[in-house]
Amino acid sequence: MGLNQPSTVERGEAMKSWKRVPWIAACSLVIPLVFVMLYPAAFASVVCALWSVAAMSISVYAMKRQAEAERKTIIQSMERTAIASLNHHRHDWMNDLQVLYGYLRLGKLDKSLQCVERIKERVTEESRISKLGIPSLVFYLQSFRASGVALDLHVQVEEELQLSALVSPEDGESLTGAIADAIRAYQYGGGRSSWGEVRKLTLNFGQDHGDVVVRLDGDQTLDPEALRQLTAVLKGKKVRTEQLPSEDTFVQFRMPCGI
């Protein structure tokens with residue numbers, strides 16, 4: 001961080017101070033009311049009008065500064081997440097290349113081919129994720145591994161599936177939120193995992209009878225309370241939850257196609 005860059009604490013304090021300005025300006029309107037009671041009507045009216053205009057101008061300015069500060073904070077948070085994701089992907093690629101290089105040096109052709117197939121599968125998975133077309137969903141899935149969560153997440157996307165051509169941006173945001181909530185419920189539900197154990201979860205994206213279907217497969221089932229909470233969050237939205245009678249399916253989301 002540069003010498004002239006404010007710290008996170010300083011930015012937070014600055015945002016809090018700008019939030020207080022509109023309230024201070026509103027409370028200051030008590031002063032012209034005192035003038036109305038103590039001085040002649042004409043003079044008091046002028047003071048009251050000028051004071052109100054000044055208070056309103058200060059409030060508008062403060063709200064603009066607050067919105068700008070919040071926008072910068074969000075952008076910086078997204079930039080940090082993107083950088084962490086890129087670093088994580090770079091680290092993964094370096095590991096894969098080192099393993100492949102080691103097998104080649106040892107002359108283990110069969111192991112080298114297996115390593116290449118794993119790399120190919122990862123490239124295919126990431127390519128299909130990027131083609132889903134919903135920015136928030138793509139960003140969430142691509143950066144998930146960099147979040148440090150102890151969950152082995154795999155994504156399977158039906159070939160040529162592009163959600164951006166099937167659902168509206170608003171419905172895409174709703175679907176992204178539902179998926180993120182379900183992943184959190186899976187991560188923290190079902191009791192604690194054994195020491196060193198990493199849970200596995202697979203997201204399956206596809207279409208079924210004109211609907212977009214997202215199925216989450218794992219090694220635990222969704223408890224009724226978590227299902228109720230997910231259903232309540234999605235109330236009034238096109239996304240709906242489904243529990244399938246399968247030991248491998250955690251939950252399934254279904255959304256009608258249509259922009």
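Just a few scattered comments:
- In the set (1) in a helix (DSSP H, G or I); (2) surrounded by 13 or more Cβ atoms within 10 Å (Cβ to Cβ), the condition left unmet by residue 75 is number (2).
- Selection within the stretch 158-179: residues that are surrounded by fewer than 18 Cβ atoms within 10 Å (Cβ to Cβ) and within 17 Å of residue 128 (Cβ to Cβ). The member of this set that is nearest to the chain's Cα centre (by Cα) is 164.
- Matching option when the condition is modelled with pLDDT under 75, within 34 Å of the chain's Cα centre (by Cα) and of a type in the set (Lys, Arg), among 71, 80, 65, 20: 20
- Residues in the stretch 215-244 that are open to solvent by 80 Å² or more (accessible area, probe 1.4 Å), closer than 22 Å to residue 200 by Cα and in a loop (DSSP other than H, G, I, E, B): 219, 221, 243.
- Pairs, first without any contact (Cβ under 8 Å) to a residue 40 or more places away in the chain and in a helix (DSSP H, G or I) in the stretch 79-107, second open to solvent by 60 Å² or more (accessible area, probe 1.4 Å) and basic (Lys, Arg), C-beta under 7 Å, six or more apart: 103/111
- Subset of the stretch 245-259 [open to solvent by less than 70 Å² (accessible area, probe 1.4 Å) and assigned to a loop (DSSP other than H, G, I, E, B)]: 246, 257
- Within the stretch 124-138, considering residues that are open to solvent by less than 30 Å² (accessible area, probe 1.4 Å) and in a loop (DSSP other than H, G, I, E, B), the one farthest from residue 75 (Cα to Cα): 132
- Residues that are farther than 17 Å from residue 84 by Cβ, in a helix (DSSP H, G or I) and open to solvent by 70 Å² or more (accessible area, probe 1.4 Å) are absent from the stretch 139-157 altogether.
- When residue 171 is tested against (1) within 21 Å of residue 78 (Cβ to Cβ); (2) touching a residue at least 60 places away in the same chain (Cβ under 8 Å); (3) among the acidic types (Asp, Glu), exactly one condition is not met: (1).
The values are calculated or read from the model by the stated rules, or taken from the named source; none is laboratory data. The model shown is predicted, which means the values in this text are computed figures rather than measured ones. When we count neighbours, we look across all protein chains shown, and the Cβ atoms used for this are built from the backbone with ideal geometry, even at glycine. We work out accessible area using only protein heavy atoms, side chains counted, and drop any ligands, DNA or RNA first. Shrake-Rupley method; radii C 1.70, N 1.55, O 1.52, S 1.80 Å.
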